Amino acid sequence: MMKFQTYIRSQLIAIFFLFAIVVFAQESKDTNAPKQRTLLSDWNGNVSHGGYGGITIAYSEIDAQASIQVGGRMAWIINHKFALGIAGNGFFNNLIKDDTYEPSDYYLAGGYGGLLFQPIISSHSPIHFSFPILLGVGGVAVNHKDYWVNDWDENSEYYYDSDVFLVFEPGIDIEFNMLQYMRMSLGVSYRFTNNVNLRYEYVDGENIKVVDISPTSLNNFSFKLGFFFGWF
């Protein structure tokens with residue numbers, strides 16, 4: 001009985017390997033068979049790869065004050081259709097500077113960054129669209145407008161506060177193929193964050209006064225100009 005089982009087992013193994021050899025030989029001969037297509041491949045099932053890096057400059061309003069943002073992106077491009085990478089932005093608001101500061105004057109500064117997901121439409125066209133989406137985390141701080149003069153002086157009459165936040169920022173870019181390895185973009189995005197918990201305290205005479213910063217002070221549109229270099 002044991003010999004019979006061993007014989008059957010050996011025959012099944014031989015049949016399995018014979019079947020595998022036949023299938024492999026058939027696939028090797030069938031060179032004209034269509035390749036498997038995916039969402040990011042072309043019509044022939046081929047996938048190409050590229051990448052880029054660049055900078056962005058943006059205008060936004062944060063806490064109802066004009067804000068400047070400077071950022072950067074690095075991404076891997078899959079078949080000219082989708083980019084996956086990282087992006088980040090730094091910002092500060094209350095851009096009006098003069099020689100007089102009131103104790104109640106303050107500004108917000110911070111930054112955020114994370115993963116970048118970017119579908120691209122008609123990448124080879126001279127003018128085309130992409131849809132960058134940033135998902136990440138950031139931090140923001142509130143300071144008096146001349147806090148830098150105090151150089152973090154422990155005896156300063158002004159108080160420092162900060163918080164961290166999650167951010168989701170979808171956008172749309174119009175991209176211009178300026179050169180083979182250079183693109184420029186004009187875009188708009190909207191920054192969604194969870195509520196931030198910030199307050200600004202200052203000394204007014206003998207009293208300490210408090211300004212509560214709006215929890216949604218970071219949520220707003222950004223208008224961006226970008227320059228990118230790489231293999232698109």
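The values are calculated or read from the model by the stated rules, or taken from the named source; none is laboratory data. On a predicted model such as this, the values are computed, not experimentally measured, just so you know. With ideal geometry, Cβ positions are generated from the backbone for all residues, glycine too; neighbour counts draw on all protein chains shown.
One residue stands out among those in region 178-191 that are of a type outside the set (A, V, I, L, M) and surrounded by fewer than 16 Cβ atoms within 10 Å (Cβ to Cβ): the one that is nearest to LEU218 (Cα to Cα), which is TYR190. Since GLU102 meets every condition but one in (1) closer than 19 Å to TYR200 by Cα; (2) crowded, with 16+ Cβ neighbours inside 10 Å, which condition does it not meet? GLU102 satisfies all of (1) closer than 19 Å to TYR200 by Cα; (2) crowded, with 16+ Cβ neighbours inside 10 Å except (2). If you filter region 79-99 down to residues that are at pLDDT 95 or above, out of contact with any Lys or Arg (no Cβ under 9 Å at 6 or more places or on another chain) and more than 22 Å from ASN197 (Cα to Cα), you find that the one that is surrounded by the fewest Cβ atoms within 10 Å (Cβ to Cβ) is LEU84.
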